[in-house]
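Encoded as structure tokens, the structure appears first; notes follow it.
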There are 2 protein chains.
Amino acid sequence: MLVVQKYGGTSVGNCERIQNVANRVARTKKGGHRVVVVVSAMSGETDKLLGYAKQFSELPNSRELDMILSSGERVTSALLAIALEEMGFKAISLSGRGAGMVTDDSHSSARIEHIDPTHINDLLDKDYIIVVAGFQGVTKSGEVTTLGRGGSDLSAVALAGALKAEVCEIYTDVDGVYTTDPRIEPKAKKIEKISYDEMLELASMGAKVLQNRSVELAKKLTVNLVTRSSFNDNEGTLITKEEEIMEQPIVSGIALDKNQARVSIVNVQDRPGIAADIFGALANANVNVDMIVQTIGHDGMTDMDFTIPKTEMENTKRVLMKFEGSVEAIDYDAEIAKVSIVGVGMKSHSGVASKAFGALANDNINIMMISTSEIKISMLINAKYAELAVRSLHDAYELDK
Amino acid sequence: MLVVQKYGGTSVGNCERIQNVANRVARTKKGGHRVVVVVSAMSGETDKLLGYAKQFSELPNSRELDMILSSGERVTSALLAIALEEMGFKAISLSGRGAGMVTDDSHSSARIEHIDPTHINDLLDKDYIIVVAGFQGVTKSGEVTTLGRGGSDLSAVALAGALKAEVCEIYTDVDGVYTTDPRIEPKAKKIEKISYDEMLELASMGAKVLQNRSVELAKKLTVNLVTRSSFNDNEGTLITKEEEIMEQPIVSGIALDKNQARVSIVNVQDRPGIAADIFGALANANVNVDMIVQTIGHDGMTDMDFTIPKTEMENTKRVLMKFEGSVEAIDYDAEIAKVSIVGVGMKSHSGVASKAFGALANDNINIMMISTSEIKISMLINAKYAELAVRSLHDAYELDK
């Protein structure tokens, strides 16, 4: 079996931890598997290097920045290879270039275009453990690029896809994906298996185990992702195709997002194109609009509610200023929270939403906005009820069972 | 004019100093010159990285070590490029690979095989300041290599040769080459010009401004080397062809080496091949023998004296044990010093040596061994007289004038 393992910055944060990773890789190799390891920079290293660059320029040239930032992963990959060699294994480190990782030329946020697996496959045939420096690649003309934050996960998933690995294990400092944030609901349980789409919904709402880009890529390449901890031997969470999950629960998890703000436009003229005008202006200003609700208009007027990232509040106010004349009022509310229930089982089960509304009503929590997708129901509530709502919903769907 | 400038680890030791280097490079560029800069890693960085590697293995795989150690220079080169861009210049960093630096595959002590200057020349034509990561290259098959200690100087000299630069300036934290160590003789003067050969003799005896490999390469490629300080604007020392130095003084400088020990073999059988036996055995044990003196034998016996590095004392004793039966005695003396006077003028002037012997005799310093070359006279004396001898000789040849 071919296994790709990715170890993040905390897992390789110092030499002792790198040795711990080496032991773990060794165990997998001794289990009779072929192993490709992808590593991040030692935790803090990338920020340190970025800090240096910022001393010279607020907006450092991104080509030069990539040259700087890519060095951290090169160091960890070679250190791990040395550790494995010392333990008697054949091991070799490869930079992004060496691993055949070709990207476009968007420095600092490059996209992987393709991977040439020839060299790695050769080395695997010669019984090497391959240690790849994550987060980086090269352009067709040979310039070093980096993939942006979370880039090492992407490297690992892309490699797993190109090499047709049976599994891609992402090691972090948490045990896996939970039914909700255990700091809010101590009864939260680790999820054994979850579909890509559910993971995407959970990840986009604060379950920060994996970034969406990696899950999307895993879905596209049908890579079996496992997220688990490098600090213990607990089984992690398998993220895979929906079809692979036999007993699908109706709801898989509850997500909470406290980083949004609500914008309400009261009494907008209900004419064709008004929504396009408003959201077009916001898109031009790079404001990422999330939930959008428009009530059915009456008397030629309508109300429009939507959410934006809290950090875009000032930007949004500036953009919407020009609409102020043509509406009754524009309200902003940052004291809100979005709770969501996620589960592919919703597709085939009715009454899922009403159970959520009932649970919140029981606790006297008022719902300001609702938006639903095939596998998700999101509700906007007053921020002060956020944790209470998570616990109520977790309980209502019996996620601790 | 095309100028290659090399800045060592101390000169780029922190962000403030890198900015200082940027200012200096900018001044050269504004002076109407084309500039190629070669940088070392920030001081301490290489040792830190080496320290990491040694935590995993006493003798880390040298290919992996090169991957690790080469990262420090990459970081500094890109930081300097960012600083120069911020000042309004076109600047670009290049790794060893980017600079076309091709080496053999002796990892950790690779030899430069050739430099392809096409890319750099293209960039120079486009008015770029080029910042090259020193100390590193790539093999023909694309593996990263490093050139060993002092490797950034080598990178600079080799680039200056390949690009036919008018001058290669090596910036360190000292002002240039002195007639002798100013800590011993405060009247020591900075030398304005010196020939490659003289520099080689001085460098090999403790004037640690430049390593011999760099001077040898500069001589081979006829590169005009200037060594100067990055912390002030003093003119440095030009190291060039003998023919370029019009008024050649007889003696250029006095060197002192306190790192040797003397070995005396008393009453060796004076038969053909005995020297070959002894020095062959030492060479096999990697003991670097320096001065060798053998007196004319009498009664079929002879004495043999030579010096070795102090650090090789135990090793040497072990090697020579097998000769103990066939000689009267083997004496070891670590309390010695070698003082040397160096100057190409000696070739054409007589009486240079006798002035040295006279000066030491005047101060009652006994000379144990003498060895001479075309441009050097070395004398072995008791270590306690070392500094006194340097001052006497400095005075005798009027080097403070």
Rounded Å value of the spacing that divides the Cα centres of the range A:384-398 and the range B:46-114: 54
Highest-fluctuation residue, A:VAL344, A:VAL138, A:VAL289 considered, GNM on chain A with Cα pairs under 10 Å: A:VAL289
Stokes-Einstein D for the protein assembly as shown, Kirkwood Rh over Cα pairs, 10 °C, 1.306 mPa s (µm²/s): 50
Cα centre as origin, Lys/Arg/Asp/Glu Cβ charges: the range A:30-110 dipole, Debye: 360
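Determine the sum of side-chain charges near A:HIS394: Lys and Arg each +1, Asp and Glu each -1, restricted to other residues whose C-beta is under 14 angstrom from that of A:HIS394.
Details: positive: A:ARG183, A:LYS187, A:LYS189, A:LYS190, A:LYS355, A:ARG391, A:LYS401; negative: A:ASP181, A:GLU185, A:ASP363, A:GLU387, A:ASP395, A:GLU398, A:ASP400.
That sum, taken over residues with Cβ under 14 Å, equals 0.
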log10 of Debye I(q)/I(0), alpha-carbon scatterers only, for chain A at 0.12, 0.13 Å⁻¹: -1.03, -1.13
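Report the antiparallel proportion of the DSSP beta bridges in the range B:2-173 as a percent, rounded to a multiple of 5.
Numbers: 6 of 26 bridges.
In the range B:2-173, approximately 25 percent of DSSP beta bridges are antiparallel ones.
Cα gyration tensor of the range B:2-173, axes a ≥ b ≥ c as square roots of the eigenvalues: rounded (a/c below 1.5), prolate (a/b > b/c) or oblate? It would help to have the intermediate numbers written out before the result.
Details: a/c = 2.13, a/b = 1.40, b/c = 1.53.
Note, shape of the range B:2-173 comes out oblate.
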Teacher prompt: A:ASP331 distances to equivalent labels in other copies, 7 Å Cα→Cβ, nm: 10.4
Inter-probe distance in nm under a simple model that places probes 7 Å from Cα toward Cβ, at A:ASP333 and A:SER373: 2.4
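At 222 nm, what value in deg cm²/dmol follows for chain B if DSSP H runs of at least 4 each add -39500 (n - 2.57) and the sum is divided by all its residues, to the nearest 500? Please list the in-between numbers first.
On the way: 12 runs with 130 residues, N = 401.
Using -39500 (n - 2.57) per qualifying helix, the result is -10000 deg cm²/dmol.
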Computed label-point distance, nm, for sites B:LYS187 and B:HIS33 using a 7 Å Cα→Cβ extension: 3.5
Max mean-square fluctuation residue, GNM over chain A, Cα-Cα springs under 10 Å, options A:THR180, A:THR295, A:THR76: A:THR295
Per the axis that maps chain A onto chain B, nearest residue of A (Cβ criterion) and its distance in Å: A:SER71, 2
Nearest-first distances (nm) between copies at B:GLY300, label 7 Å from Cα via Cβ: 13.3
Overall Cα dimensions of the range B:323-373, principal axis frame, Å, largest first: 46, 25, 16
Cβ-defined net charge surrounding A:VAL266, 9 Å radius [Lys, Arg +1; Asp, Glu -1]: -3
Other-copy label distances relative to A:GLY51, 7 angstrom Cα-Cβ extension, nm: 1.7
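Considering only the other residues whose Cβ falls under 11 Å of the Cβ of B:GLY88, what net charge follows from Lys and Arg at +1 and Asp and Glu at -1? Can you show the working numbers first?
Values: positive: B:LYS29, B:LYS30, B:LYS90; negative: B:GLU85, B:GLU86.
Summing Lys and Arg as +1 and Asp and Glu as -1 gives +1.
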Within 10 Å of each Cβ in A:392-400, the average number of Cβ atoms from other chains: 0
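Any read-out appearing in this document is the output of simple, stated calculations on the displayed coordinates, not a laboratory observation. Quick caveat: nothing in here was measured; it's all calculated off a predicted structure. Glycine also receives a Cβ, built like all others from the backbone with ideal geometry; neighbour counts cover every protein chain displayed.
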